[in-house]
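I have placed the structure first, in the form of structure tokens, so that the comments after it can refer back to it.
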Amino acid sequence: MSHHFDYPQDETLDISDAYCFAGAGDVFGPRTVFGMNTSPTYGNPWNPAGYYELKIDTNDDYVEDITYRATFPIGSDGTQYVQVAELTGRAATDRNAPGTIITPRYAPVGEVVECSRGIKLFAGQRRDPFYNFIPFPVAATNALATGTFPDFNALRPASDSFANTSVRSYVLELPVEVTGFRPAHYWANTAYFDTGHNTWVQVQRAAEPNMTTFFDFADGLAHVDYNASVPTIDLVGRPRHPATEAASGIWGQVRDNIAGVVEAGGTYGALPRRFPTALAYGAWAADKLLPNVLTFTPGSVAYWDPWFDVSNGKGVYEDIASNIIKMVVNLDFSSGLERGRSSTTFPTSPRRRQPADPAAGTSEPETFTRTTKAEIAMSATESRVEMNLEVQIIPVSDGRDNLAAPRQSCAELALPSRRPRPSACRSSREIRRSSRG
């Protein structure tokens, strides 16, 4: 199928974000969290026939060495469970390989699950931590498609278009004995089995924010179905002299599209990223953004802001939507939005709050929190970034996921038409449903 605007017909296979950051370390060393969000807007239950894959490259060749494949079978009573298989070596690239199951039988969703080898799992519905003002990415996408410069100030004041929306999170926390201490590359995939052609079909590939939202790789210079591809293809077409020679492929399109924007705005020579030509800036930006993976050193602080030379994983607390726009316009852009109350990290251990009204039998939403909290000083933007390690999960009615209708707290977010627009420009409704990963 075509993913022209990066949302599949089955929204439960739509990756909205991928994350990678430090977990709560223990006496055995640091731990790393790898996660993906799917089913944006309403957080509908996972497709029981789909694959949800966390891909980790540990030897710097951009080919996965470990894959954690999650499936979500449904029991005879209608309850959806989670099962995770670990695949290593050659099997990590083979969707027909069975792998080793690391989860207990009938592992529940909505709870933290202890798996083999000290691995922790959480899979459940939660509030979407992403925050952004939809007109900003719409303007950036249209500027990249047309070689114009976006006027963001004309779109203000900004408000959070994703407030109170939901996603389905699939998260693993891995001990260092699994990942090693070296930097690891990470990305996420979804896939389904095409019975008509007897093959697995990759639906999406996600890592850095907005890459498949901003760049129309299928109909652009690259002529590539990006979502069906692998990271090793991202640098194909990069010339020996990237700032001056003709380029092709995904790398060439990213360079040339960004060069068109900064040429139109005259910002390629702006401080602190001063370049002699727009093409030279585009080459620098393409090298920063590709291959599209998240690189993270276990035990370190995750932060993704490549315009300030910080590309170490990607947390759920930074303003990633603004940080990718900086790369497009070569200016220190900010949406001016503040992250929501749930825009923090993923859970690792459960805690339930006391009922808000014992007489009525109601209770506060179930909360998952780490054993510690941290305040982390970051110098990337010469400011402090405070990381509160508490996260709020949308509860289900009976402690299990029985495929009941999800809580729709943002009904005003309309679903778009599945038909691609004839214009190269994209509407706000299309961007809203497009993968942010």
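The values are calculated or read from the model by the stated rules, or taken from the named source; none is laboratory data. Remember, predicted model here, so these are calculated numbers, not experimental data. Reconstructed Cβ throughout: ideal geometry from the backbone, glycine too, with neighbour counts over all protein chains shown.
Some points to look at:
- Of everything listed in (1) touching a residue at least 24 places away in the same chain (Cβ under 8 Å); (2) on the phi < 0 side of the Ramachandran plot; (3) surrounded by fewer than 24 Cβ atoms within 10 Å (Cβ to Cβ), the single unmet condition for Gly299 is (2).
- Applying the set (1) in contact (Cβ under 8 Å) with a residue 40 or more places away in the chain; (2) touching a Ser or Thr at 6+ places or on another chain (Cβ under 7 Å); (3) assigned to a strand (DSSP E or B) to Phe193 leaves exactly one unmet item: (2).
- Among the candidates Arg238, Arg182, Arg255, residue that is part of a loop (DSSP other than H, G, I, E, B) and touching a Lys or Arg at 6+ places or on another chain (Cβ under 9 Å): Arg238
- Options Thr41, Thr93; residue that is among the β-branched types (Val, Ile, Thr), over 23 Å from Val230 (Cα atoms) and under 21 Å from the mean Cα position of the chain (by Cα): Thr41
- Checking each residue in the stretch 297-320 for being among the hydroxyl-bearing types (Ser, Thr, Tyr) and either modelled with pLDDT of 95 or more or over 13 Å from Asp17 (Cβ atoms) (or both) picks out Thr297, Ser300, Tyr303, Ser311.
Every residue, every condition in (1) buried (at least 19 other Cβ atoms within 10 Å of the Cβ); (2) among the polar types (S, T, N, Q), yes or no:
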{"site": "Thr195", "(1), (2)": "no, yes"}
{"site": "Asn198", "(1), (2)": "no, yes"}
{"site": "Val203", "(1), (2)": "yes, no"}
{"site": "Ala207", "(1), (2)": "yes, no"}
{"site": "Thr213", "(1), (2)": "yes, yes"}
{"site": "Phe217", "(1), (2)": "yes, no"}
{"site": "Ala222", "(1), (2)": "yes, no"}
{"site": "Thr232", "(1), (2)": "no, yes"}
{"site": "Val236", "(1), (2)": "no, no"}
